Amino acid sequence: QVQLVESGGGLVQAGGSLRLSCAATGDIFSPHVMGWYRQAPGKQRELVAVITSGSTTTYTHSVKGRFTISRDNAKNTMYLQMNSLKPEDTAVYYCYVRHWDTNYWGQGTQVTVSS
């Protein structure tokens, strides 16, 4: 069974930084797609960043230049480095993995950015 475990969320002031981690355990190697989604209260879940097995990255416009997604295939772990955080980044962040035709989701980690 595959499980995704997020960590690294917390409370920071505007302009601060956090690094989120997502560790994949189970029978999975070099997932085809790994990414981060986020959902704020009362809003729809949105894609934040994606990285493929070939290390191609894609970001939503609002985080370009501030967030960096990366992966360590040897550890089956994905990271999201978040710099210059803004209050509008406040949300629950979810790890996402797609391998072949199967999707996996983490439990979510809370990120709160104060003014």
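The values are calculated or read from the model by the stated rules, or taken from the named source; none is laboratory data. The model shown is predicted, which means the values in this text are computed figures rather than measured ones. No Cβ is skipped: glycine too gets one built from the backbone with ideal geometry, and neighbour counts run over all protein chains shown. Just so you know, the surface numbers come from the protein's heavy atoms only, side chains and all, with ligands and any DNA or RNA stripped out. Shrake-Rupley method; radii C 1.70, N 1.55, O 1.52, S 1.80 Å.
Ignoring ligands, DNA and RNA, please state the percent of accessible area on the chain from carbon and sulfur, probe 1.4 Å.
Carbon and sulfur: 48 percent of the exposed surface of the chain.
Along the Cα-to-Cβ line of Gln110, 7 Å from the Cα, sits a label point; which residues in region 27-61 have backbone N less than 20 Å from it? Under 20 Å, as judged by backbone N against the label point of Gln110, lie 37-46 of region 27-61. Give me the distance in nm between label points sitting 7 Å out from Cα along the Cα-to-Cβ direction at Ser70 and Val5, one decimal. So the label points at Ser70 and Val5 sit 2.2 nm apart.
In the chain, Rg over Rh equals 0.95, where Rg is the alpha-carbon radius of gyration and Rh the Kirkwood radius from pairwise Cα distances.
What do you get for Rg/Rh over region 15-56 if you use C-alpha atoms and the Kirkwood form of Rh?
Working: Rg = 13.1 Å, Rh = 12.6 Å.
With Rh from the inverse mean 1/r over Cα pairs, Rg/Rh is 1.04.
Toward the positive end of the charge dipole of the chain, with +1 on the Cβ of Lys and Arg and -1 on the Cβ of Asp and Glu, the farthest Cα among His99, Val2, Val113 is that of Val113.
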